[in-house]
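The values are calculated or read from the model by the stated rules, or taken from the named source; none is laboratory data. The model shown is predicted, which means the values in this text are computed figures rather than measured ones. Cβ coordinates were reconstructed from backbone atoms using ideal geometry, including for glycine residues, and neighbour counts include every protein chain displayed. In case anyone asks, the SASA skips ligands and DNA or RNA and just uses the protein heavy atoms, side chains included. Shrake-Rupley method; radii C 1.70, N 1.55, O 1.52, S 1.80 Å.
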Amino acid sequence: MSFSGDRTYDAPVEAVIALFVDPDVVRSRYEAAGDRDIEIRECGPDGDGFVIRTSRTVDVDLPGFARRVLKPTNTMVQVDRWGPADGDGARDGDFAIEVKGAPVKIDGTMRVAPTGRGGCRHTVQGKLEVKIPLIGGRIAGWAEGPSQQRLDAEYEFHRARLHA
């Protein structure tokens, strides 16, 4: 199952990346989503780029058919990596999310690039896989909605922070 996002911000790339690598903002974003037991394990420079490593407890309202094989409360360990700015000032990154104790894999790529009007465009391409025989595809199909809602909420959270 794939998910994606494409939004613009009325702020330069540097301002958006500064939000993404600010541990207080990362914690606040997760809290706003209802996550708990949030740990910011690493959030800072990584060579010419940045790395953000987090752990958090997430509750999911699973459909009945999925409750037989997955737990509604899970610990997610996430690693986001942002590379150095390219010649235009854009930054590319990737993310990977491990759902502890579940056969679920989430990963993808992201990019923040200048729009030429003082703002920037933030794109995300992700993939969620559920490796459970017979119903994994059905669970992944169901998860498309919540994954997209979470991504949309994160965009709005960042937009509000940039205009605060």
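What FRET efficiency comes out for the pair GLU39/ALA90, r = Cβ-Cβ distance, R0 = 25 Å, nearest 0.05?
0.25
Can you tell me, using C-alpha contacts under 8 Å and at least 6 residues apart, the relative contact order of the chain as a whole percent?
Relative contact order of the chain: 27 percent.
Probe radius 1.4 Å, ligands and nucleic acids left out: which of ARG29, ARG41 has the largest accessible area, and how do the rest follow?
ARG41, ARG29
Work out how much length ILE135 to GLU31 would gain on full extension: take 0.36 nm times their residue separation and subtract the Cα-Cα distance, in nm to one decimal.
Stretched out fully, the ILE135 to GLU31 stretch lengthens by 34.4 nm.
Find, to one decimal place in angstroms, the Kirkwood hydrodynamic radius of segment 44-144, where the mean of 1/r is taken over every pair of different Cα atoms and then inverted.
Evaluated on segment 44-144, it is 15.5 Å.
In bins 5 Å wide, starting from 0, what share of all Cα pairs of segment 109-149 does each bin hold, as a percent?
6, 19, 18, 15, 12, 11, 8, 6, 4, 2
How many nm separate the modelled label positions at LYS127 and VAL69, each set 7 Å beyond the Cα in the direction of the Cβ?
1.9 nm
Which loop-located trypsin sites (Lys or Arg not before Pro) does segment 74-147 contain, where loop means any DSSP state but H, G, I, E or B and the Cβ has at most 12 other Cβ atoms within 10 Å?
Those that pass, being in a loop and sparsely packed, are LYS100, ARG117, LYS131.
Considering the Cα positions of segment 23-93, please state its Rg to one decimal place and its Dmax as a whole number of Å.
15.8, 50
Give, as a single signed number, the net charge of other residues whose beta carbon lies under 14 Å from the beta carbon of THR75, with Lys and Arg counted +1 and Asp and Glu -1.
Surrounding charge for THR75 is +1.
How large a share of the accessible area of the chain, in percent, is made up of carbon and sulfur atoms when the probe is 1.4 Å and the other protein chains stay in place?
49 percent
Rounded to the nearest 500 deg cm²/dmol, what is the calculated helix-only ellipticity per residue at 222 nm for the chain, with -39500 (n - 2.57) per DSSP H run of length n ≥ 4?
Roughly -9500 deg cm²/dmol at 222 nm, from the helical runs in the chain.
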